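Q: To start, I am sharing the structure in question, which I have written as structure tokens.
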Amino acid sequence: MKSNGKPKPRFTFEDPERVEQIFSQYPDKKSATLPLLHLAQSQEGYISNSVIDSIAELVDCHPAVVMDCVSFYTMFYTKPHGRNIIQICQTLSCSLNGADELVDHVTDKYKIKPGETTADDQFTLMKVECLGSCGTAPVVQMNKEYHESLTKQKFDELLAEFE
Amino acid sequence: MDLLGFTIILVKVLVVFAATMLGVLVMIYAERRVSAFMQDRVGPNRVGPKGVLQPIADGIKFLMKEDLVPEKVDKPIFILAPAILLIPALMTFAVIPFGSSINLFGREIALQVADVNVGVLYILALTSISVYGIVLAGWSSNNKYSLLGGLRSSAQLISYELAMGLAVVSIILLAGSLRLNDIITDQQGSFFSWNIFRQPLAFLIFLIAVYAETNRLPFDLSEAEQELVGGYHTEYSSMKFAMFFMAEYANMITAAALTVTLFFGGWDVPLLDEGSLGLFGTLLSVLSFLLKMAFFLFLFIWVRWTFPRFRYDQLMRLGWKVMLPLALFNIFLTAGYLTLKALG
Amino acid sequence: MATIVKSYEPTFWDKLYLPALMRGLIVTFRHFFRKNVTIQYPDQKHIPPEGYRGLHRLNKYPEGRIKCVACEMCSAACPADCIHIIPGPSPWDGGKERYPVRFDIDLLRCIFCGFCEMACPEEAIELTEIYDFSDYTRDDLVIDKEGLLEVYDLTKDQNYYTKKNLSKASSVNTSIDT
Amino acid sequence: MPLLKIDGKEIEIKSGTTVLQAAEANGIEIPYYCYHPALEIVGSCRMCLVQVEGMPKLQVSCNTFVSDVSSDRKVDGKYDMVVHTQNDLVVQERKNILEFLLLNHPLDCSVCDQAGECYLQDYSFKFGNAHSRFDENKRVRPNEFLGSQIVINHNRCIMCSQCVRFTQEISGTSELFVEARGYNSKIAVLEDNPLDNLLAGNVADICPVGALLSTDYIHKNRIWNLKKQPSVCQDCSVGCNVDVFSQTDQILRLTARENLDVNGYFMCDIGRYGFHRYEEIDRVLQPMVRKGDSFVSADWETAIQKTIDLIKKNKSNTAGIVSPFHTNESNFLLGQIFKDVLGSLPPITGEEITYPSGFRISADRSPNTRGMNDICEGIVEDLASKIKTQDIRTLFILDDGVDRKLDDKWKKIIGKMDSVIVLSYAMTDLAKLAHVVLPGHAPLEREGTITNDKGRIQWLRPSLPVKVESKPDWEILMLVRNALDKKTEHFVELGEVMKKMGEKFENYAGITFFKVGNQGYSINGKSS
């Protein structure tokens, strides 16, 4: 909404028809927020401030409300990320079953802290809240796939596939 | 009277006066020191070596203080009262012999200001006057506490003067004279010729009465700080206040001297003829007198820090119901003994 | 049911009172020779026992920061209402974000009950063994924060009265400008 | 109407209310954090859990609604709902919730400004455990500024989200949002949209813990040292109800007081921080009389006598100027003295703001315009021209105070006067031109009634002690009135002035402080 005097870069959807289509699916404009965010992320790679501003304008609400939504879901990234995203669950079951060791392992191996990307843009490490697979803890989400009941060896094998 | 005789008397008066005043100072110091020791304290120890100059400092302090005369007091009497109290206290000592006679300038000089033949009577009369000082001080102060103190003092005096007088009567009976020198001579000889052994009951009555006479604890009802805020001297300050205390200590000295004279052979040293030893004998007798006196002065202080004050009714009961009959009984005993002795 | 207590029957000697009087005289006479208990105060200092409640102090952390966070628990607990605090944001980075800008104790009002000490959640205020802090004016007996911190420096080694150099100790200044 | 049984107490309440409201209305305490009567229900704090018979789990009472059930499903044949708020299950659950809320909440009550009015503190004491079983490290985050006046202490936040809903629903500006979720969640603002609206101060008020803090009050004092006095905000004609918190003679903060007929639960920042205007003004503490170019202080007798002399010199050519900043009683008394010639200075106005929730800040920035017009008959519309035509030589002015900036036109008019008498609390532009200045009371010190723009009479209560020699405005006017005309009745109390005023004006008939009360009294006939 307000800008600090500088004109902000504006974001526009490349596919206005798809946007129209999304809006037509919902009776309420606000309900389109999530699909629009997905669309924008697939276009930009991450959700920038300009994306939030323009979606807020489209769905007719405050940017803060959109930001609330973006920050809630771990599949939205607010920063540019590497080619592969390692998301390690931090919630109770996984934490008890050694999720922290997995995080330390990645940190040692690639010299990246949670939230950082390797120099070669290969991996981004993230700690996330519950992924909903507590029965098979610890769980790591590589890009969009779940890898369950991981140990260090299994994790190494998994990472080797993506290197 | 020749010039020499007059000079001798003058010197004696001055010596006795100075000695009494010095005694007062010493007593003030001793009282504070002894009371402190009895209470496991130190007492005054700052002014001079071991604090001996403390009474001087106190005196200077009293002189420097503002001399307050309250507005509603009876001024002439208020100012006169301390003097009425102090003068008889100092005068009493005049008839007390404080040593055996001495040969100087070719004549025999008695160590006594005046050898009055009714010495005992003189003493009783003067000590009775001193109570006027207290009563007048209490009355003129125009203060209810002071007045009560004065009244108590007069009542106390009447009840104890009587017992004391009667106790002394038994001594007089024994000596057959009112002259103090005769009483001393009567006690000379063996150790057991002292009146304390011949008249123990009289001594007891006399001792108790003396405490009441001098307004010392346990009979200081006229002061009674806790009830009467100081009693007769509540309104007094500065040197006038100090005079009351000088009088009290002077009275103590006189009382001690009298006790020694009447019951402890005066300046007599037992089993010794002082007259035959010349000047040394005289010195010995004076020393003996002073030592005996010192003991009684110490006893004054000792008693003060040991016993609590009597209640007023207890005081009266003791005086009238115990001491007076006892004293009369003692006279009867003595008279009976003398009669029996005379009859052979 | 009333119990009858037999009162003490005085004997002849009791009624005479003289033996009792003698015993009394002996008691005081014995004391005459006892060692006296006087402490020659200004020359000799009385060392108060552990837990003595004297002058207050405000404690500091080893790095010199005041422990007090101006929560005013002490002034709330104070039965004499003698503690006055003006809080403010602390000038130090990190840690507690609040500190007393002013901390005044009216020593004339204080009853040295030690409630402030007990109420303090930060163990910041304490009562020390100092008992000689008299002064000439009422104003000088209102001790402020600087004064209280100075007391801490004087007493932190627990040897205020035992240390040999008393010259510094005797200069506890409650009269720092308040 | 549905019949409830809460803790054995039979309650009949209309369908659609929540169990929490029903219990509260009947004096049964249910603890809560996220519920606020003016905000949407979220049921996120779980503090208000109660047991409802027939329901498998404990229910959040703030979001459980009461309704009629068919007769065959009624409990015991007559109750539509049976609720337990005190049984073992509920008590244990409250303990658990509090333990959970305190996991990351620091134990820094000694530093926290909320201590003393903190619900977490109160409920922990009342319902919680004495000890925490949590011995790991707590989450620590630095404080942040959400706006120029609001600081957030993330550590203390219990995520009740009242503040977020406030910005969304009441102010409609929606600056605040909950960032992330779970362990990482926190209240945040977008970088380019800080919390700087005119209602921002309210979030510090509604925060049940010490997380949101107003920089104006932070580390200033402890709440139990302050004296709380209900009063009315005097910065616009809405007349929000406020609580004034003061210590000795200093106001430390103002908070909104609930009055559904006026301001709801909130107030604006203009009023909230407005009291600072009176802190560093040049206060008039003694009656002042002009001597040449400067003033000399005088005692009251001299000042009143001087006033009378000045008025009597031009008896027929004297005008009184009433003020919309003063109480009805003061205006009434001045109106009684100068029956024929009465006017007021041009009004002070600002921007009119209405928020989506209906909360408004009036354009008329004087608190008592309505009351002034009601009470003073025949106020002249154009006072300036009236002064010219009637050849007015003397003015008696009730000063508007520090808000009044005098324009050149009026400076000129006043400069032409033979004599000017000003009743003011400060050396304002107006007072500097006066011949006699009578020291009155500042807003928040005054006592009396004011009428807001909707016609609600509200009671001003003095929140601070009288300063030096100043007197209540009505008392000063009373003195002048008596000195001018010895025959007039003498009032001893403000209540007598109100009674007299009521006799004169039908709308104000029968008004007493008791009747006005804390919630005010509408002259349109309906009482609160």
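Q: What number of residues within the range A:69-96 satisfy the criterion of being within 13 Å of chain D (Cβ to nearest Cβ), assigned to a helix (DSSP H, G or I) and open to solvent by less than 40 Å² (accessible area, probe 1.4 Å)?
A: Residues in the range A:69-96 being within 13 Å of chain D (Cβ to nearest Cβ), assigned to a helix (DSSP H, G or I) and open to solvent by less than 40 Å² (accessible area, probe 1.4 Å): 4 in total.
Q: Which one is nearest to the chain's Cα centre (by Cα) among residues in the range B:140-151 that are buried (at least 21 other Cβ atoms within 10 Å of the Cβ) and within 19 Å of B:GLU71 (Cα to Cα)?
A: It comes out as B:SER146.
Q: All but one of (1) at the interface with chain A (Cβ under 7 Å from one of its Cβ atoms); (2) in contact with a Pro (Cβ under 7 Å, 6 or more places away or on another chain) hold for D:GLU179; state the number of the condition that does not hold.
A: For D:GLU179, the failing item is (2).
Q: Any idea which of D:VAL151, D:VAL164 is in contact (Cβ under 8 Å) with a residue 24 or more places away in the chain, among the hydrophobic types (A, V, I, L, M, F, W, C) and in contact with a Phe, Trp or Tyr (Cβ under 7 Å, 6 or more places away or on another chain)?
A: Values: D:VAL164 fails: in contact (Cβ under 8 Å) with a residue 24 or more places away in the chain.
Only one candidate qualifies: D:VAL151.
Q: Same structure, new question: Please enumerate the residues belonging to the range D:339-362 that are of a type outside the set (D, E, K, R), part of a strand (DSSP E or B) and under 18 Å from the mean Cα position of the chain (by Cα). Before the answer, list the steps.
A: Filtering the range D:339-362 down to residues of a type outside the set (D, E, K, R) leaves D:341-350, D:353-359, D:361-362.
Now narrow it down to the ones that are part of a strand (DSSP E or B): D:342-344, D:349, D:353-354, D:361.
Those that are of a type outside the set (D, E, K, R), part of a strand (DSSP E or B) and under 18 Å from the mean Cα position of the chain (by Cα): D:ILE353, D:THR354, D:ILE361.
Q: What's the total number of residues in the range D:126-146 that are open to solvent by 10 Å² or more (accessible area, probe 1.4 Å) and either small (Gly, Ala, Ser) or within 12 Å of another protein chain (Cβ to nearest Cβ) (or both)? Before the answer, list the steps.
A: Looking only at the range D:126-146, we keep the residues that are open to solvent by 10 Å² or more (accessible area, probe 1.4 Å), and these are D:126-145.
Next, only the ones that are either small (Gly, Ala, Ser) or within 12 Å of another protein chain (Cβ to nearest Cβ) (or both) stay: D:128, D:130, D:132, D:136, D:140, D:142-143.
Matching residues across the range D:126-146 total 7.
Q: For the range B:183-198: of the residues being of a type in the set (A, V, I, L, M, F, W, C) and in contact (Cβ under 8 Å) with a residue 60 or more places away in the chain, which is surrounded by the fewest Cβ atoms within 10 Å (Cβ to Cβ)?
A: First, the residues of the range B:183-198 that are of a type in the set (A, V, I, L, M, F, W, C): B:183-184, B:191-192, B:194, B:196-197.
With in contact (Cβ under 8 Å) with a residue 60 or more places away in the chain added as a condition, the list becomes B:183-184, B:191, B:194, B:196.
Working: B:ILE183: 25, B:ILE184: 24, B:PHE191: 10, B:TRP194: 22, B:ILE196: 18.
My answer is B:PHE191.
Q: Test each condition in (1) away from chain D (no Cβ under 14 Å); (2) surrounded by fewer than 19 Cβ atoms within 10 Å (Cβ to Cβ); (3) out of contact with any Ser or Thr (no Cβ under 6 Å at 6 or more places or on another chain) for A:ASN49 and report the one that comes out false.
A: Result: A:ASN49 passes all but (1).
Q: Against the condition not basic (Lys, Arg) and not in a helix (DSSP H, G or I), how does A:MET126 come out, does it pass?
A: Spelling it out, A:MET126 is indeed not basic (Lys, Arg) and not in a helix (DSSP H, G or I).
Q: Quick one: how many residues across the range D:218-236 are within 17 Å of the chain's Cα centre (by Cα) and charged (D, E, K, R)?
A: Narrowing the range D:218-236 to residues within 17 Å of the chain's Cα centre (by Cα): D:226-236.
Still in the running and charged (D, E, K, R): D:227-228, D:235.
Residues meeting the conditions: 3.
Q: Now for a different question. Here is a check on your reading of the model: is D:ILE251 touching a Lys or Arg at 6+ places or on another chain (Cβ under 9 Å), outside the structural domain of D:ILE476 (by TED's automatic domain parsing) and open to solvent by 10 Å² or more (accessible area, probe 1.4 Å)? Walk me through it before giving the result.
A: Details: touching a Lys or Arg at 6+ places or on another chain (Cβ under 9 Å): no; outside the structural domain of D:ILE476 (by TED's automatic domain parsing): yes; open to solvent by 10 Å² or more (accessible area, probe 1.4 Å): yes.
No, not satisfied.
Listed here are the residues, each with its yes/no results for (1) of a type in the set (Asp, Glu); (2) at positive phi; (3) without any contact (Cβ under 8 Å) to a residue 12 or more places away in the chain.
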site	(1), (2), (3)
C:THR3	no, no, yes
C:SER7	no, no, yes
C:TYR17	no, yes, yes
C:MET22	no, no, yes
C:ILE47	no, no, no
C:GLU63	yes, no, yes
C:GLU72	yes, yes, no
C:ALA77	no, no, no
C:PRO87	no, no, no
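Q: Which of (1) within 14 Å of chain A (Cβ to nearest Cβ); (2) outside any loop (DSSP other than H, G, I, E, B); (3) open to solvent by 10 Å² or more (accessible area, probe 1.4 Å) does D:PHE166 not meet, given it meets every other one?
A: Failed condition: (3).
Q: Shifting gears a bit: Would you be able to say whether some residue in the range D:187-194 is touching a Phe, Trp or Tyr at 6+ places or on another chain (Cβ under 7 Å), more than 14 Å from chain A (Cβ to nearest Cβ) and crowded, with 18+ Cβ neighbours inside 10 Å? Please lay out each step first, then the result.
A: Of all residues in the range D:187-194, those touching a Phe, Trp or Tyr at 6+ places or on another chain (Cβ under 7 Å) come to D:188.
Applying the additional criterion that residues be more than 14 Å from chain A (Cβ to nearest Cβ) yields none.
Within the range D:187-194 (the criterion being touching a Phe, Trp or Tyr at 6+ places or on another chain (Cβ under 7 Å), more than 14 Å from chain A (Cβ to nearest Cβ) and crowded, with 18+ Cβ neighbours inside 10 Å), the answer is no, since none of the residues qualifies.
Q: Under 6 Å by Cβ, and 6 or more places apart or on different chains, what pairs join a residue from the range D:100-122 that is within 25 Å of D:GLY182 (Cβ to Cβ) with one that is polar (S, T, N, Q) and assigned to a helix (DSSP H, G or I)?
A: Correct list of pairs: D:PRO106/D:ASN155.
Q: Still on this model: Within the range A:52-60, is even one residue surrounded by fewer than 20 Cβ atoms within 10 Å (Cβ to Cβ), more than 16 Å from D:GLU191 (Cα to Cα), facing chain D (nearest Cβ under 9 Å) and not polar (S, T, N, Q)?
A: There is no residue in the range A:52-60 that is surrounded by fewer than 20 Cβ atoms within 10 Å (Cβ to Cβ), more than 16 Å from D:GLU191 (Cα to Cα), facing chain D (nearest Cβ under 9 Å) and not polar (S, T, N, Q).
Q: Restricting to strands (runs of 3 or more DSSP E) lying wholly in the range C:1-117: which have 2 or more residues that are within 14 Å of chain D (Cβ to nearest Cβ) and modelled with pLDDT of 90 or more?
A: Numbers: elements: C:56-58, C:83-89, C:98-106.
Strands (runs of 3 or more DSSP E) meeting the threshold: C:83-89, C:98-106.
Q: A further question follows. Regarding the range D:389-409, can at least one residue be identified that is of a type in the set (Gly, Ala, Ser) and either closer than 26 Å to D:LEU252 by Cβ or within 28 Å of the chain's Cα centre (by Cα) (or both)? Break it down stepwise before answering.
A: Filtering the range D:389-409 for residues of a type in the set (Gly, Ala, Ser) gives D:401.
Within this subset, residues satisfying the condition of being either closer than 26 Å to D:LEU252 by Cβ or within 28 Å of the chain's Cα centre (by Cα) (or both) are D:401.
Yes, some residue in the range D:389-409 is of a type in the set (Gly, Ala, Ser) and either closer than 26 Å to D:LEU252 by Cβ or within 28 Å of the chain's Cα centre (by Cα) (or both).
Q: I've got another one for you. Can you tell me which residue in the range A:102-135 is nearest to the chain's Cα centre (by Cα), limited to those that are open to solvent by 40 Å² or more (accessible area, probe 1.4 Å) and within 16 Å of A:GLU148 (Cα to Cα)?
A: A:LYS127
Q: Considering only residues that are over 14 Å from B:ILE123 (Cβ atoms), open to solvent by 40 Å² or more (accessible area, probe 1.4 Å) and assigned to a helix (DSSP H, G or I), which ones fall in the range B:167-181?
A: Selection gives B:LEU173 alone.
Q: Given the conditions (1) farther than 24 Å from D:ASN184 by Cβ; (2) in contact with a Phe, Trp or Tyr (Cβ under 9 Å, 6 or more places away or on another chain); (3) assigned to a loop (DSSP other than H, G, I, E, B); (4) not small (Gly, Ala, Ser), report the number of the one that A:LEU159 does not fulfil.
A: Of (1) farther than 24 Å from D:ASN184 by Cβ; (2) in contact with a Phe, Trp or Tyr (Cβ under 9 Å, 6 or more places away or on another chain); (3) assigned to a loop (DSSP other than H, G, I, E, B); (4) not small (Gly, Ala, Ser), only one is false for A:LEU159: (3).
The values are calculated or read from the model by the stated rules, or taken from the named source; none is laboratory data. As the structure is a computational prediction, the values presented were derived from the model and not from experiment. FYI the Cβ positions are ideal-geometry reconstructions off the backbone, even for glycines, and counts take in every protein chain you see. Note: areas computed on protein heavy atoms with side chains; ligands, DNA, RNA excluded. Shrake-Rupley method; radii C 1.70, N 1.55, O 1.52, S 1.80 Å.
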